[in-house]
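Down below is the structure, laid out as C-alpha coordinates.
The values are calculated or read from the model by the stated rules, or taken from the named source; none is laboratory data. Just so you know, these numbers come straight off a predicted model, no measurement behind them. When we count neighbours, we look across all protein chains shown, and the Cβ atoms used for this are built from the backbone with ideal geometry, even at glycine. Side chains are part of the model used for accessible areas, which takes the heavy atoms of the whole protein and leaves out ligands, DNA and RNA. Shrake-Rupley method; radii C 1.70, N 1.55, O 1.52, S 1.80 Å.
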Amino acid sequence: MNTLRRPFYVIAFHSGLIFALIASMGYGCVKKQPYHTESRLLMGTVVEITCQDKQAIQVAFREMEDVERLLSIFDDNSEISQLNKRRKLNASWKTLQILKKCKSFYETSSGAFDITAGPLVDIWKDAIEEGRAPSERSITRAKKLVDSNNIVIDEVFSTAKLSKRRMKLDLGAVAKGYAVDVAIRKLKEIGITSCLINAGGDIYCLGKKNNRPWQIGIQHPRNDSIVKNFVLTNRAVATSGDYEQFFVLQNKRYSHIINPYTGYPADSGVVSVTVIADDCITADALATSIFVLGKEKGEELARAFANVQTIIFTEDDLDV
Ligand code: FAD
Ligand code: MG
(Lines give C-alpha, C1' and ligand atoms only; values in the text may rest on other atoms or scores of the structure.)
(Ligands and ions follow the chains in the order given, each with its own letter.)
Protein backbone atom coordinates (compact mmCIF):
# COMPACT_ATOMS: atom_id res chain seq x y z
CA MET A 1 0.00 0.00 0.00
CA ASN A 2 1.19 3.48 -0.76
CA THR A 3 1.32 5.47 2.47
CA LEU A 4 2.28 8.79 0.92
CA ARG A 5 -0.78 10.58 -0.25
CA ARG A 6 -1.52 13.99 -1.64
CA PRO A 7 -5.16 14.03 -2.69
CA PHE A 8 -5.17 17.80 -2.66
CA TYR A 9 -3.07 20.28 -4.47
CA VAL A 10 -2.68 23.66 -2.90
CA ILE A 11 -2.51 25.83 -5.93
CA ALA A 12 -2.32 29.43 -7.11
CA PHE A 13 -1.06 31.64 -4.27
CA HIS A 14 0.65 28.70 -2.61
CA SER A 15 3.16 28.52 -5.42
CA GLY A 16 6.40 30.44 -4.90
CA LEU A 17 6.46 31.22 -8.60
CA ILE A 18 3.05 32.85 -8.57
CA PHE A 19 3.90 34.72 -5.40
CA ALA A 20 7.03 36.10 -7.05
CA LEU A 21 4.99 37.14 -10.07
CA ILE A 22 2.46 39.03 -7.96
CA ALA A 23 5.22 40.72 -5.98
CA SER A 24 7.00 41.83 -9.11
CA MET A 25 3.75 43.23 -10.51
CA GLY A 26 3.78 45.62 -7.57
CA TYR A 27 0.50 44.62 -5.93
CA GLY A 28 -0.03 46.89 -2.90
CA CYS A 29 2.47 49.45 -1.63
CA VAL A 30 3.71 47.58 1.44
CA LYS A 31 6.59 45.17 0.88
CA LYS A 32 5.24 41.71 1.56
CA GLN A 33 7.14 39.23 3.64
CA PRO A 34 7.95 36.09 1.67
CA TYR A 35 6.39 32.74 2.52
CA HIS A 36 8.50 29.70 3.31
CA THR A 37 7.46 26.08 2.86
CA GLU A 38 8.99 23.14 4.71
CA SER A 39 8.11 19.47 4.34
CA ARG A 40 8.72 16.57 6.69
CA LEU A 41 7.76 12.93 6.75
CA LEU A 42 5.41 12.50 9.70
CA MET A 43 2.58 10.10 10.52
CA GLY A 44 3.33 8.05 7.41
CA THR A 45 2.81 11.00 5.09
CA VAL A 46 4.40 14.23 3.88
CA VAL A 47 3.49 17.19 6.06
CA GLU A 48 3.98 20.56 4.42
CA ILE A 49 3.81 23.86 6.30
CA THR A 50 3.75 27.26 4.60
CA CYS A 51 4.21 30.39 6.69
CA GLN A 52 6.08 33.70 6.66
CA ASP A 53 7.70 32.96 10.01
CA LYS A 54 10.38 30.25 9.77
CA GLN A 55 10.45 29.75 13.54
CA ALA A 56 6.69 29.27 13.64
CA ILE A 57 7.06 26.44 11.13
CA GLN A 58 9.43 24.70 13.56
CA VAL A 59 6.97 25.25 16.44
CA ALA A 60 4.15 23.71 14.37
CA PHE A 61 6.25 20.66 13.43
CA ARG A 62 7.17 20.14 17.08
CA GLU A 63 3.50 20.15 18.07
CA MET A 64 2.66 17.62 15.38
CA GLU A 65 5.59 15.39 16.33
CA ASP A 66 4.33 15.43 19.94
CA VAL A 67 0.89 14.29 18.79
CA GLU A 68 2.46 11.51 16.72
CA ARG A 69 4.46 10.37 19.76
CA LEU A 70 1.22 10.12 21.77
CA LEU A 71 -1.05 8.50 19.23
CA SER A 72 0.95 6.40 16.76
CA ILE A 73 0.32 2.66 16.79
CA PHE A 74 3.60 2.30 14.88
CA ASP A 75 5.48 3.43 17.99
CA ASP A 76 5.43 0.89 20.84
CA ASN A 77 6.04 3.66 23.37
CA SER A 78 3.12 5.89 22.36
CA GLU A 79 0.27 6.26 24.82
CA ILE A 80 -2.13 4.54 22.42
CA SER A 81 0.22 1.55 21.97
CA GLN A 82 0.66 1.34 25.75
CA LEU A 83 -3.11 1.49 26.21
CA ASN A 84 -3.58 -1.27 23.62
CA LYS A 85 -1.01 -3.36 25.48
CA ARG A 86 -1.96 -2.77 29.11
CA ARG A 87 -5.68 -1.90 28.69
CA LYS A 88 -5.41 0.80 31.35
CA LEU A 89 -3.34 3.96 31.23
CA ASN A 90 -2.80 7.26 32.97
CA ALA A 91 -3.09 9.35 29.87
CA SER A 92 -2.17 12.89 28.88
CA TRP A 93 -4.86 15.53 28.44
CA LYS A 94 -4.40 15.45 24.65
CA THR A 95 -4.90 11.67 24.44
CA LEU A 96 -8.00 11.82 26.64
CA GLN A 97 -9.42 14.66 24.54
CA ILE A 98 -9.00 12.83 21.25
CA LEU A 99 -10.46 9.62 22.71
CA LYS A 100 -13.47 11.58 23.94
CA LYS A 101 -13.90 13.18 20.52
CA CYS A 102 -13.63 9.78 18.82
CA LYS A 103 -16.33 8.33 21.09
CA SER A 104 -18.55 11.24 20.18
CA PHE A 105 -17.95 10.69 16.42
CA TYR A 106 -18.72 7.00 16.98
CA GLU A 107 -22.10 7.94 18.43
CA THR A 108 -23.03 10.56 15.82
CA SER A 109 -22.01 8.28 12.98
CA SER A 110 -24.01 5.38 14.49
CA GLY A 111 -20.83 3.30 14.71
CA ALA A 112 -19.55 3.85 11.14
CA PHE A 113 -16.58 5.67 12.64
CA ASP A 114 -14.98 3.40 15.21
CA ILE A 115 -11.36 3.62 16.39
CA THR A 116 -11.68 0.16 17.98
CA ALA A 117 -11.66 -1.25 14.41
CA GLY A 118 -7.94 -2.10 14.98
CA PRO A 119 -8.38 -5.92 15.02
CA LEU A 120 -10.28 -5.77 11.70
CA VAL A 121 -7.69 -3.44 10.18
CA ASP A 122 -4.98 -5.94 11.20
CA ILE A 123 -6.82 -8.92 9.72
CA TRP A 124 -7.16 -7.16 6.38
CA LYS A 125 -3.52 -6.01 6.46
CA ASP A 126 -2.46 -9.64 6.99
CA ALA A 127 -4.78 -10.70 4.18
CA ILE A 128 -3.02 -8.37 1.74
CA GLU A 129 0.35 -9.74 2.74
CA GLU A 130 -0.84 -13.32 2.35
CA GLY A 131 -2.76 -12.59 -0.85
CA ARG A 132 -6.02 -14.20 0.30
CA ALA A 133 -9.22 -12.95 1.91
CA PRO A 134 -9.54 -13.50 5.68
CA SER A 135 -11.79 -16.31 6.91
CA GLU A 136 -15.36 -15.53 7.99
CA ARG A 137 -14.46 -16.95 11.39
CA SER A 138 -11.60 -14.52 11.96
CA ILE A 139 -13.78 -11.60 10.86
CA THR A 140 -16.61 -12.62 13.22
CA ARG A 141 -14.13 -12.99 16.09
CA ALA A 142 -12.53 -9.60 15.43
CA LYS A 143 -15.92 -7.87 15.09
CA LYS A 144 -16.73 -8.84 18.69
CA LEU A 145 -13.83 -6.62 19.81
CA VAL A 146 -15.05 -3.61 17.84
CA ASP A 147 -17.19 -1.25 19.90
CA SER A 148 -16.15 2.20 21.12
CA ASN A 149 -18.48 1.85 24.12
CA ASN A 150 -15.71 -0.36 25.52
CA ILE A 151 -13.36 2.62 25.82
CA VAL A 152 -13.81 4.01 29.32
CA ILE A 153 -12.48 7.49 30.05
CA ASP A 154 -12.14 8.91 33.54
CA GLU A 155 -11.22 12.56 33.34
CA VAL A 156 -11.04 12.97 37.12
CA PHE A 157 -8.29 10.37 37.43
CA SER A 158 -6.96 11.00 33.86
CA THR A 159 -7.26 7.37 32.90
CA ALA A 160 -8.37 5.51 29.80
CA LYS A 161 -9.40 1.87 29.94
CA LEU A 162 -10.26 -0.81 27.38
CA SER A 163 -12.94 -3.14 28.74
CA LYS A 164 -12.19 -6.16 26.53
CA ARG A 165 -9.01 -8.16 26.17
CA ARG A 166 -7.41 -8.05 22.69
CA MET A 167 -9.19 -4.80 21.80
CA LYS A 168 -7.03 -2.52 19.66
CA LEU A 169 -7.38 1.19 19.06
CA ASP A 170 -6.24 2.60 15.71
CA LEU A 171 -6.42 6.38 15.39
CA GLY A 172 -5.27 6.45 11.76
CA ALA A 173 -8.55 8.05 10.68
CA VAL A 174 -8.29 11.17 12.86
CA ALA A 175 -4.82 11.64 14.34
CA LYS A 176 -3.54 13.63 11.36
CA GLY A 177 -6.50 15.99 11.55
CA TYR A 178 -6.05 16.34 15.29
CA ALA A 179 -2.31 17.02 14.91
CA VAL A 180 -3.08 19.79 12.40
CA ASP A 181 -5.58 21.35 14.84
CA VAL A 182 -3.10 21.19 17.73
CA ALA A 183 -0.39 22.87 15.64
CA ILE A 184 -2.79 25.59 14.45
CA ARG A 185 -3.93 26.26 18.03
CA LYS A 186 -0.30 26.75 19.06
CA LEU A 187 0.41 29.04 16.10
CA LYS A 188 -2.57 31.21 17.02
CA GLU A 189 -1.30 31.37 20.62
CA ILE A 190 2.03 32.76 19.44
CA GLY A 191 0.35 35.32 17.22
CA ILE A 192 0.61 33.75 13.76
CA THR A 193 -2.24 34.86 11.51
CA SER A 194 -1.34 33.30 8.16
CA CYS A 195 -0.28 29.71 7.62
CA LEU A 196 -1.21 26.60 5.69
CA ILE A 197 -0.64 23.08 7.01
CA ASN A 198 -1.12 20.16 4.67
CA ALA A 199 -0.70 16.76 6.33
CA GLY A 200 -1.09 14.48 3.31
CA GLY A 201 -4.44 16.00 2.38
CA ASP A 202 -5.60 16.97 5.86
CA ILE A 203 -5.37 20.73 5.50
CA TYR A 204 -5.96 23.83 7.58
CA CYS A 205 -5.90 27.30 6.03
CA LEU A 206 -5.13 29.86 8.73
CA GLY A 207 -6.03 33.42 7.76
CA LYS A 208 -5.21 34.56 4.26
CA LYS A 209 -2.14 34.62 2.08
CA ASN A 210 -1.26 38.18 1.06
CA ASN A 211 -4.84 39.29 1.82
CA ARG A 212 -6.37 36.64 -0.42
CA PRO A 213 -7.92 33.38 0.77
CA TRP A 214 -5.91 30.21 0.26
CA GLN A 215 -6.87 28.31 -2.87
CA ILE A 216 -7.36 24.57 -2.73
CA GLY A 217 -7.92 22.21 -5.63
CA ILE A 218 -9.53 18.78 -5.42
CA GLN A 219 -7.99 16.06 -7.51
CA HIS A 220 -10.10 13.67 -9.59
CA PRO A 221 -10.22 10.27 -7.83
CA ARG A 222 -8.89 8.41 -10.85
CA ASN A 223 -6.50 10.85 -12.54
CA ASP A 224 -4.34 13.89 -11.84
CA SER A 225 -6.80 16.52 -13.07
CA ILE A 226 -8.24 19.12 -10.69
CA VAL A 227 -12.02 18.85 -10.62
CA LYS A 228 -12.90 21.62 -8.21
CA ASN A 229 -11.19 24.71 -6.85
CA PHE A 230 -12.29 26.64 -3.83
CA VAL A 231 -10.97 29.35 -1.54
CA LEU A 232 -10.68 28.97 2.22
CA THR A 233 -9.90 31.11 5.25
CA ASN A 234 -9.77 29.67 8.78
CA ARG A 235 -11.23 26.37 7.55
CA ALA A 236 -10.10 22.76 7.32
CA VAL A 237 -10.35 20.17 4.54
CA ALA A 238 -9.85 16.42 4.64
CA THR A 239 -10.42 13.63 2.20
CA SER A 240 -10.90 9.89 2.32
CA GLY A 241 -10.70 7.88 -0.83
CA ASP A 242 -9.90 4.50 -2.29
CA TYR A 243 -7.37 5.87 -4.75
CA GLU A 244 -4.28 6.58 -2.68
CA GLN A 245 -4.54 3.68 -0.26
CA PHE A 246 -6.20 0.52 -1.50
CA PHE A 247 -5.33 -3.07 -2.16
CA VAL A 248 -6.27 -5.60 -4.76
CA LEU A 249 -7.13 -9.11 -3.69
CA GLN A 250 -8.26 -11.73 -6.18
CA ASN A 251 -8.88 -9.01 -8.79
CA LYS A 252 -11.11 -6.91 -6.51
CA ARG A 253 -10.14 -3.43 -5.32
CA TYR A 254 -10.53 -2.97 -1.54
CA SER A 255 -10.38 0.20 0.52
CA HIS A 256 -8.25 0.54 3.67
CA ILE A 257 -11.35 1.86 5.47
CA ILE A 258 -13.30 -0.88 7.18
CA ASN A 259 -17.05 -1.05 7.60
CA PRO A 260 -17.34 -1.98 11.29
CA TYR A 261 -20.86 -3.40 10.73
CA THR A 262 -19.75 -6.00 8.20
CA GLY A 263 -16.06 -6.41 9.11
CA TYR A 264 -15.23 -5.98 5.39
CA PRO A 265 -13.59 -3.03 3.63
CA ALA A 266 -16.12 -0.26 3.04
CA ASP A 267 -18.11 -0.87 -0.12
CA SER A 268 -20.64 1.97 -0.14
CA GLY A 269 -20.11 3.09 -3.73
CA VAL A 270 -18.21 6.18 -2.56
CA VAL A 271 -14.77 6.48 -4.16
CA SER A 272 -13.77 9.78 -2.63
CA VAL A 273 -15.18 12.16 -0.06
CA THR A 274 -13.91 15.60 0.77
CA VAL A 275 -15.15 17.41 3.85
CA ILE A 276 -14.71 21.09 4.63
CA ALA A 277 -15.21 22.02 8.28
CA ASP A 278 -14.18 24.52 10.93
CA ASP A 279 -11.56 22.14 12.33
CA CYS A 280 -9.47 19.39 10.83
CA ILE A 281 -10.43 16.60 13.23
CA THR A 282 -14.10 17.01 12.27
CA ALA A 283 -13.25 17.05 8.57
CA ASP A 284 -11.02 13.96 8.97
CA ALA A 285 -13.49 11.92 11.06
CA LEU A 286 -16.46 12.82 8.84
CA ALA A 287 -14.58 11.94 5.64
CA THR A 288 -13.88 8.44 6.98
CA SER A 289 -17.45 8.04 8.30
CA ILE A 290 -19.07 9.12 5.03
CA PHE A 291 -16.85 6.73 3.10
CA VAL A 292 -18.37 3.91 5.18
CA LEU A 293 -21.97 5.19 5.19
CA GLY A 294 -22.30 6.05 1.51
CA LYS A 295 -23.49 9.24 -0.16
CA GLU A 296 -27.06 9.51 1.13
CA LYS A 297 -26.52 8.60 4.79
CA GLY A 298 -23.19 10.40 4.72
CA GLU A 299 -24.77 13.66 3.63
CA GLU A 300 -27.38 13.21 6.35
CA LEU A 301 -24.57 12.81 8.90
CA ALA A 302 -22.79 15.92 7.58
CA ARG A 303 -25.99 17.95 8.05
CA ALA A 304 -25.84 17.15 11.78
CA PHE A 305 -22.71 19.32 11.96
CA ALA A 306 -22.69 23.10 11.67
CA ASN A 307 -20.70 24.66 8.85
CA VAL A 308 -19.76 21.45 7.05
CA GLN A 309 -19.65 20.97 3.27
CA THR A 310 -19.03 17.74 1.40
CA ILE A 311 -17.89 16.85 -2.10
CA ILE A 312 -18.57 13.18 -2.77
CA PHE A 313 -17.62 11.09 -5.79
CA THR A 314 -19.35 7.76 -6.28
CA GLU A 315 -18.65 4.96 -8.74
CA ASP A 316 -21.58 6.27 -10.82
CA ASP A 317 -19.89 9.67 -11.16
CA LEU A 318 -16.85 7.93 -12.65
CA ASP A 319 -18.97 6.30 -15.37
CA VAL A 320 -20.11 9.70 -16.69
P1 FAD B 1 -8.58 7.93 6.65
O2 FAD B 1 -9.83 7.71 5.88
O3 FAD B 1 -8.52 9.21 7.38
O4 FAD B 1 -8.42 6.77 7.72
C5 FAD B 1 -8.31 5.41 7.36
C6 FAD B 1 -7.61 4.68 8.47
O7 FAD B 1 -8.45 4.68 9.64
C8 FAD B 1 -7.35 3.22 8.17
O9 FAD B 1 -6.07 3.08 7.59
C10 FAD B 1 -7.44 2.59 9.55
O11 FAD B 1 -6.25 2.79 10.24
C12 FAD B 1 -8.51 3.40 10.25
N13 FAD B 1 -9.89 2.93 10.03
C14 FAD B 1 -10.35 2.03 9.11
N15 FAD B 1 -11.68 1.92 9.18
C16 FAD B 1 -12.10 2.76 10.15
C17 FAD B 1 -13.38 3.09 10.68
N18 FAD B 1 -14.50 2.55 10.21
N19 FAD B 1 -13.44 4.01 11.69
C20 FAD B 1 -12.31 4.57 12.18
N21 FAD B 1 -11.07 4.28 11.72
C22 FAD B 1 -10.96 3.41 10.71
N23 FAD B 1 1.85 4.71 8.15
C24 FAD B 1 2.98 4.03 7.93
O25 FAD B 1 3.06 3.32 6.91
N26 FAD B 1 4.03 4.07 8.81
C27 FAD B 1 3.95 4.80 9.96
O28 FAD B 1 4.89 4.83 10.75
C29 FAD B 1 2.76 5.54 10.22
N30 FAD B 1 2.61 6.28 11.36
C31 FAD B 1 1.46 6.94 11.59
C32 FAD B 1 1.30 7.67 12.78
C33 FAD B 1 0.13 8.36 13.02
C34 FAD B 1 -0.02 9.13 14.30
C35 FAD B 1 -0.92 8.35 12.04
C36 FAD B 1 -2.19 9.12 12.26
C37 FAD B 1 -0.78 7.63 10.87
C38 FAD B 1 0.40 6.91 10.63
N39 FAD B 1 0.56 6.17 9.45
C40 FAD B 1 1.70 5.47 9.25
C41 FAD B 1 -0.51 6.15 8.40
C42 FAD B 1 -1.66 5.22 8.80
O43 FAD B 1 -1.22 3.91 8.81
C44 FAD B 1 -2.83 5.30 7.81
O45 FAD B 1 -2.42 4.90 6.57
C46 FAD B 1 -3.38 6.69 7.68
O47 FAD B 1 -3.58 7.25 8.94
C48 FAD B 1 -4.67 6.63 6.90
O49 FAD B 1 -5.15 7.93 6.79
P50 FAD B 1 -5.99 8.39 5.54
O51 FAD B 1 -6.10 9.85 5.64
O52 FAD B 1 -5.43 7.76 4.31
O53 FAD B 1 -7.39 7.69 5.68
MG1 MG C 1 -10.16 10.42 8.16
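Here are a few things to note about the model shown:
- Heavy-atom accessible surface of segment 235-291: percent carbon and sulfur, 1.4 Å: 46
- P(r), alpha carbons of segment 187-300 - 10 Å bins starting at zero, rounded %: 13, 40, 30, 14, 3, 0
- Each Lys or Arg adds one and each Asp or Glu takes one away; over the other residues whose Cβ falls under 10 Å from the Cβ of S78, this sums to -3.
- Each peptide in 35-43, 168-176, 101-109, 284-292 was scored by the mean count of other Cβ atoms within 10 Å over its residues; highest first, the order is 284-292, 168-176, 101-109, 35-43.
- Per residue accessible area in Å² of the chain, where ligands, DNA and RNA are left out and the probe is 1.4 Å: 48
- Charge context of Y178, other residues only, Cβ under 15 angstrom, K/R +1, D/E -1: -3
- Neighbours of L145 by Cβ distance under 13 Å: Lys/Arg scored +1, Asp/Glu scored -1, total +4.
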